[in-house]
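The values are calculated or read from the model by the stated rules, or taken from the named source; none is laboratory data. Predicted, not measured: the structure shown is a model, and the values here were computed from it. Please note: Cβ atoms are built from the backbone with ideal geometry, for glycine as well, and neighbour counts cover all protein chains shown.
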Amino acid sequence: MKDGAVLEMRGICKYFPGVRALEKVDFTLREGEIHALMGENGAGKSTLIKVLTGVYPKDGGTVVLSDKQINIKSPQDAQNNGIATVYQEITLCPNLTVAENMYIGRTKGPLTDWGKMNRSAGKLLDDLGIPVSPKEQLGNCSIAVQQMVAIARAVDMDCKVLILDEPTSSLDEQEVQKLFKLMRDLKAKGVGIIFVTHFLEQVYEVCDRITVLRDGTLVGEYVIQDLPRVKLVSKMLGKDFDDMAEIKSSDEEEKIDYNGTPVYQANNLTGTTGIKPFDFEIHKGEVNGFTGLLGSGRSESVRAIFGADRVTGGTIKMDGKTVKIRKPLDAMKNGISYLPEDRKLDGIVGDLSVRDNIILALQVMKGFFKPFSKAQAEKFADDYIKLLNIKTASQDTPIKSLSGGNQQKVILARWLLADPVYLILDEPTRGIDVGTKVEIQKLVLKLAAEGKSITFISSEIDEMIRTCSRLVVMRDGKVVGELKGADLNQNKIMATIAGGESK
Amino acid sequence: MTSDTMKSNNPSFAIKLKNFLGKLVKNQLFIPIVALLLLVLINLIADPTFFKIVLEPSSTGHLILSGNLITIIDNASELAILAIGMTLVTSASGGQDISVGATIAIAGSVILRVIKVQPTDISNGRFAAMLILAFVLCVVVSAIFGAFNGALVAYFNIQPMVATLILFTAGRSIAAWINNNDNISIKDTRFAYYGNFIPGIAIPTPVFITAICLIVIALVLKFTNLRLYSQAVGINASSSRLNGINPKMIKLLTFIILGVCVAVCGFIKVSRTSSITYSVIANNIEMDAILAVALGGNALSGGKFNITSSVIGAYVIQFLTTTLYKFKVSSSAISAYKAVVVILLIIISAPIVRRWFEDMKNKREAARVAKIATAANTESGKENV
Amino acid sequence: MKKLVKMLVSSAIIASMAFVATACNGGSTATTTTAAPTNGETASTDAPAPAGDELIKVGIINNDPNESGYRTANDRDMKATFTKENGYEASFFYSLKNEEQIAAAQKFIQDEVDYLLISAAGTSGWDGVLEQAQKAGIKVILFDRTIDADESLYEASIVSDMAKEGSQAVEWLASQNLEEYKVVHIQGVMGSAAQIGRSGALNDKVAAEANWSIVTQQTAEWSEETAQQIVQSVIDSGEKFNVIYAENDNMAKGAAAALDKANISHGVGKDVIIIGFDCNTWALEELLAGNWNYDGQCNPFQASYIDDIIKNGAKQKVVIMDEKGFDAKTITADDVAKYGI
């Protein structure tokens, strides 16, 4: 056993029918460290986590926790052994209070002293600096607070190993900082933290060590100082990586005719989701972005454009002609495509095959009484699986069994097949691996070059700067600024988001 | 060397066979067909004459087929037709309609309401016109009741079982009210053709009606996107909406289709005996219809569906019922036997059992890979030496 | 195992038969003197005018009127009699379940009705609620069905003697002097008074006579389609039979449909004798046409008897209504018009 190691996994193997998800993977976690687990989608991160937490039984290897070899049979078993997990999706009960959520399933005997429970929960939350009352209903708290409550619950169970699986993907910058502070506090208390994330910046901000997986095998374990970003990325991808920095050629913008008739133009577009009426236009071949903090209304705005939520007012012109867009089908028929923010909830149709998922939008546009022939559907699917390099066993594979990045590509394929003039991509790169991220960004620019108009939203400002030629900045449901050209830099964007423009 | 090739050949054949069996087991039709074969086998052992089919002249003097098998495919007709609609409703709404028995009573009552006022001596042409009128009216009424259920489910977001509880409770009273609670008996023998035999045709009419329904639904599924839409809605309504589908409309549509199926069933039911008993007509058929869907391997939580499988499920249930009658099991005890089937189904499809099978498979796989790995190691070791 | 069950069932039936028989004997001497109105339509006009402004509150617990034509006719008769014009304020409750009926009775007691009129779904479990009623000073009149409770707990019981209906039918059947009786026996809902009474007579006869046998004995729960399936399964199995004894008209109808399907003739002078009960108009018409052989009446018109008891007091505990049985050979169109329900 290595010095100070709290958890050692040796030679872990896990097989699924036809797939080697993990092949002899080693992983060591030391006391009081934050250890990033990195890898592209499908590299085996989540499988490793699931083996560790008893969701999957392992098919080989040993797990040693605090010098004791253990065999984890179930998530409950993992919890009892001091391995706590906080998942990307909150797994607590939104209709219970914070305190109830922290103690649910842990009270002994049939009687519960609610007062005592609330008091001890309050104390713990104070200690950890989590700004919430124990009596608050969890569903009313922000996602960040919910995450932190989940962590507090884990901490209170005296965990030795805390696993954070993509905890930051739905948090804004401030919330991420709060979470990091909490993580550092826990680290000081000697808790070993496994941090799974796709955000490179965050890894370099809080982590001490990185373990990289690729294709179910171990690439290596590194101290953070020894592994610069570029190297990390190349380790993850398994190849030298050079095209991350500059994928946008600067002369693209000049081609856009800003004086011509906009492809899409909205005046006073009003919805029911809490955004103020706004004007918006986009030109042929342009890539624009909506930015702002979470909840600023950027997603709601593009949803209003697509008619995803109820639209109550405003005039819309496409190519100068007034059109009516009140529901998604209107938008689709007018050549607008929308890749939604929440892939799982709004994007994929999980049990349907990759093929059905690809043809869905075009099929709906074609009409209820005109189904595509099987041969036609197969051809469409085949073309786009090749075009976007989608990794799937076959067209008939249910989309839910694909990795996140490949699922996103299928949804992208669906909307490209619909051949839109205006394509809205809301967070197309969230929760997917670096390689696919770059592929998608490149694709966006290629499509723009072919003359499509694209709205691209990402919570990673870097990505937006790389791909967009114009940024609409939103705050509190209102458009507060529009940036282009030289203004498109990190500082200016931050300042506009924060409300600096009035000064 | 020869022994080596032998070894490598054998496993590949074994694997092929295993793959084939694996595919067969995974096929949705597997469960209902195995159940059907099991019943056939039991009957074959108990009494081979069970399968005897004879062609004899009937009371009308025409040749007709009779025998247990004919009885089964005849009596399963209503259930098979219902299974079509129930499968679609299950797929799109992720729930089941428990009011079908009661709405069959309504449908039958509507038919009788129209037919009963006719004198028995009207011409064939006029009778046909009356029958068509009665049937059309029955379809319209049933579709409206289906739409009522569907609207509660789609537009008021009420769980299907709860929404259809309303008609489940009220339907039979409505049926009785339609005919003023009269105990009706239709004397015109022409009316009985549709639940029994058309003179000169040796096969029971309900079999033809079922075949027509199956062909119609097959055509609908082929020439429309009903399958894609209702599956998409059942799996992910939110995503379907963003793809331009109107999930509410689709749910409503499936309930209306079920309503039409109910109308056809009601017609067959009242034609069988030319009468109706409001409180017991199509008694408990909703449970059989749901069981047929489940037996067909369709998830009762909605999404992907296979109508063929449900329909076979329906025939399995009728086969079971007829078998039990044949063994003189009390008809009131038959539901207990069906309960056993339900329990078996639930056990087979329980996630814990499936996971257990998967774990077993993975362990074998792991052992195999490990064996290959060690073999490779020793070989390379030898080379090094 | 099967034998054991059969023994238990038949001994239970015999036991309950014995009870019904004694109950009937108790009142039979008095009943013969009562001229029974046989047609309910005249019932309401017979009733005396209301005895003042005060309406008599009656709580009526009945079986679901949709259950059968008999019940429908019975319910209509009750509704036509217990009206405001006749001086009644009536509340109705319908259920085929004993527990629900008992709960409804309790509610009526709380509502302080004057009379509780009960047609019980099951024969047992009523003692408690009847005692409550007695304490509350509420008079109980049972109609159509008897229950297992002390006679002191109710004012009167107006019943069809189902056992008599059954024995009348069986006697008629015996009088046909067939060489052999192979009976397909289709029963009503098991445990109901009609089923117990009508099954009892047949079971006794089959047990007593060597040339009588039961081919199949199944409950179709009053449903014609189930009856049809049962008969169909007998036909398919190739067993021979020459009598269908169905405990109501609808089941007889279902059985006849199965016979028609399989080219088995039935009716007067044909292969299979069909016996039904309840005297639905259409069933009597079948008799008239010679398609069926016998139909036993089950008089559904108790309302006038009850009305009489409420207004003039009970003359005896058990009132047995007059009931006929019709033979297809002797039935007339007048009978159909008069006795059909």
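With the condition being polar (S, T, N, Q), I'd like the helices (runs of 4 or more DSSP H) fully within segment A:422-503 carrying at least 3 qualifying residues. Walk me through it before giving the result.
Details: elements: A:434-449, A:461-467, A:490-498.
Those helices (runs of 4 or more DSSP H) span A:490-498.
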In segment A:4-23, residue nearest to the other protein chains (Cβ to nearest Cβ) [restricted to those that are surrounded by fewer than 17 Cβ atoms within 10 Å (Cβ to Cβ) and at pLDDT 90 or above]: A:11
Given (1) of a type outside the set (A, V, I, L, M); (2) within 30 Å of residue A:479 (Cβ to Cβ); (3) under 27 Å from the mean Cα position of the chain (by Cα); (4) surrounded by fewer than 18 Cβ atoms within 10 Å (Cβ to Cβ), number of the condition residue A:296 does not satisfy: (4)
What is the number of the single condition among (1) crowded, with 22+ Cβ neighbours inside 10 Å; (2) in a helix (DSSP H, G or I) that residue A:164 does not meet? (2)
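With the requirement that a residue be in contact with a Leu (Cβ under 6 Å, 6 or more places away or on another chain) and either in a strand (DSSP E or B) or over 16 Å from residue C:115 (Cα atoms) (or both), what does segment C:144-158 give you? Spell out the reasoning first.
Initially, segment C:144-158 is screened for residues in contact with a Leu (Cβ under 6 Å, 6 or more places away or on another chain), giving C:149, C:153-154, C:157.
Selection gives C:149, C:157.
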For residue B:187: the one exception among (1) farther than 19 Å from residue C:225 by Cβ; (2) not in a helix (DSSP H, G or I): (1)
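Check A:367, A:335, A:347 and return the single one that is facing chain B (nearest Cβ under 9 Å), of a type outside the set (A, V, I, L, M) and under 25 Å from residue A:457 (Cα atoms). Break it down stepwise before answering.
Details: A:367 fails: under 25 Å from residue A:457 (Cα atoms); A:335 fails: facing chain B (nearest Cβ under 9 Å).
After applying the criteria, what remains is A:347.
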Looking at the structure I just gave you, is residue A:345 in contact with a helix residue (DSSP H, G or I) (Cβ under 7 Å, 6 or more places away or on another chain) and in contact (Cβ under 8 Å) with a residue 12 or more places away in the chain? no
Sole exception among (1) of a type in the set (Val, Ile, Thr); (2) part of a loop (DSSP other than H, G, I, E, B); (3) farther than 19 Å from residue B:236 by Cβ; (4) touching a residue at least 24 places away in the same chain (Cβ under 8 Å) for residue A:302, by number: (2)
Close pairs from segment B:212-235: first facing another protein chain (nearest Cβ under 8 Å) and buried (at least 21 other Cβ atoms within 10 Å of the Cβ), partner assigned to a helix (DSSP H, G or I) and among the polar types (S, T, N, Q), Cβ under 7 Å, at least 6 apart: B:225/A:363; B:228/A:363; B:231/B:91; B:232/B:240
Out of the residues in segment C:189-226 meeting the condition of being within 19 Å of residue C:69 (Cβ to Cβ) and over 18 Å from the mean Cα position of the chain (by Cα), tell me which one is surrounded by the fewest Cβ atoms within 10 Å (Cβ to Cβ). C:226
Can you tell me which residue in segment B:241-255 is nearest to residue A:369 (Cα to Cα), limited to those that are facing chain A (nearest Cβ under 7 Å) and of a type in the set (A, V, I, L, M)? B:245
Filtered residue count, segment B:164-201, keeping only those that are within 11 Å of chain C (Cβ to nearest Cβ), in contact with a strand residue (DSSP E or B) (Cβ under 9 Å, 6 or more places away or on another chain) and of a type in the set (A, V, I, L, M, F, W, C): 3
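Would you check if residue C:221 is within 14 Å of another protein chain (Cβ to nearest Cβ), closer than 22 Å to residue B:274 by Cα and at pLDDT below 90?
Numbers: within 14 Å of another protein chain (Cβ to nearest Cβ): yes; closer than 22 Å to residue B:274 by Cα: yes; at pLDDT below 90: yes.
Yes: the conditions hold for residue C:221.
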Sort out for me the helices (runs of 4 or more DSSP H) sitting completely within segment A:3-106 that have 1 or more residues that are among the hydroxyl-bearing types (Ser, Thr, Tyr) and out of contact with any helix residue (DSSP H, G or I) (no Cβ under 6 Å at 6 or more places or on another chain). A:45-52
Which of the residues that make up segment A:175-191 are exposed (fewer than 14 other Cβ atoms within 10 Å of the Cβ) and either within 17 Å of the chain's Cα centre (by Cα) or part of a loop (DSSP other than H, G, I, E, B) (or both)? A:189, A:190
Taking residue B:205 as meeting all but one of (1) of a type in the set (Ser, Thr, Tyr); (2) away from chain A (no Cβ under 14 Å); (3) farther than 13 Å from residue B:82 by Cα; (4) surrounded by 24 or more Cβ atoms within 10 Å (Cβ to Cβ), write down the number of the exception. (4)
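Which one is farthest from the chain's Cα centre (by Cα), of the residues in segment C:265-311 that are of a type in the set (Ser, Thr, Tyr) and within 27 Å of residue C:178 (Cβ to Cβ)? Break it down into steps so the answer makes sense when it comes.
Let us first name the residues in segment C:265-311 that are of a type in the set (Ser, Thr, Tyr), namely C:265, C:281, C:294, C:304-305.
Applying the additional criterion that residues be within 27 Å of residue C:178 (Cβ to Cβ) yields C:265, C:294.
Values: C:265: 28, C:294: 16 Å.
Checking each candidate, the answer is C:265.
One line per residue, one yes/no per condition, for (1) part of a helix (DSSP H, G or I); (2) away from chain C (no Cβ under 14 Å); (3) modelled with pLDDT of 90 or more:
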| residue | (1), (2), (3) |
| --- | --- |
| B:299 | no, yes, no |
| B:317 | yes, no, yes |
| B:320 | yes, no, yes |
| B:328 | no, no, no |
| B:344 | yes, yes, no |
| B:354 | yes, yes, no |
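Looking for something in a helix (DSSP H, G or I), within 14 Å of chain B (Cβ to nearest Cβ) and surrounded by 23 or more Cβ atoms within 10 Å (Cβ to Cβ) - is there at least one such residue anywhere in segment A:308-330? Break it down into steps so the answer makes sense when it comes.
Of segment A:308-330, the ones in a helix (DSSP H, G or I) are A:328-330.
Pick out the ones that are also within 14 Å of chain B (Cβ to nearest Cβ) and you get A:328-330.
Checking the rest, the ones that are also surrounded by 23 or more Cβ atoms within 10 Å (Cβ to Cβ) come to A:328.
Checking segment A:308-330: at least one residue is in a helix (DSSP H, G or I), within 14 Å of chain B (Cβ to nearest Cβ) and surrounded by 23 or more Cβ atoms within 10 Å (Cβ to Cβ).
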List every residue pair whose Cβ atoms lie under 7 Å apart, where the two residues are 6 or more positions apart in sequence or sit on different chains, the first residue falls within segment C:97-125 and is at positive phi, and the second residue, located anywhere, is surrounded by 19 or more Cβ atoms within 10 Å (Cβ to Cβ). C:125/C:102
Quick check on residue A:282: is it within 30 Å of residue A:472 (Cα to Cα) and modelled with pLDDT of 75 or more? yes
Determine whether segment A:66-76 contains at least one residue that is within 28 Å of residue A:199 (Cα to Cα) and either within 14 Å of chain B (Cβ to nearest Cβ) or under 23 Å from the mean Cα position of the chain (by Cα) (or both). yes
Could you grab me the full set of residues in segment B:40-80 that are more than 10 Å from every other protein chain (Cβ to nearest Cβ) and over 30 Å from residue B:263 (Cβ atoms)? B:40, B:41, B:42, B:43, B:44, B:45, B:46, B:48, B:51, B:55
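Name the single residue, out of those in segment B:269-292 being among the hydrophobic types (A, V, I, L, M, F, W, C) and farther than 24 Å from residue B:306 by Cβ, that is nearest to the other protein chains (Cβ to nearest Cβ). Step through it out loud before you land on a result.
Looking only at segment B:269-292, we keep the residues that are among the hydrophobic types (A, V, I, L, M, F, W, C), and these are B:270, B:276, B:280-282, B:285, B:287, B:289-292.
Remaining after also requiring farther than 24 Å from residue B:306 by Cβ: B:270, B:276, B:280-282.
On the way: B:270: 10, B:276: 8, B:280: 4, B:281: 7, B:282: 8 Å.
Per the stated criteria, the residue is B:280.
Results for (1) closer than 30 Å to residue C:87 by Cα; (2) away from chain B (no Cβ under 11 Å); (3) without any contact (Cβ under 8 Å) to a residue 12 or more places away in the chain; (4) surrounded by fewer than 22 Cβ atoms within 10 Å (Cβ to Cβ), shown as yes or no for each residue.
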{"residue": "C:252", "(1), (2), (3), (4)": "no, no, no, no"}
{"residue": "C:255", "(1), (2), (3), (4)": "no, no, no, no"}
{"residue": "C:259", "(1), (2), (3), (4)": "no, no, no, no"}
{"residue": "C:268", "(1), (2), (3), (4)": "no, yes, no, yes"}
{"residue": "C:273", "(1), (2), (3), (4)": "no, yes, no, no"}
{"residue": "C:279", "(1), (2), (3), (4)": "no, no, no, no"}
{"residue": "C:296", "(1), (2), (3), (4)": "no, yes, no, no"}
{"residue": "C:311", "(1), (2), (3), (4)": "yes, yes, no, yes"}
{"residue": "C:319", "(1), (2), (3), (4)": "yes, yes, no, no"}
Selected residue (only one of B:82, B:37, B:65 is assigned to a strand (DSSP E or B), of a type outside the set (D, E, K, R) and assigned by TED's automatic domain parsing to the domain that holds residue B:260): B:65
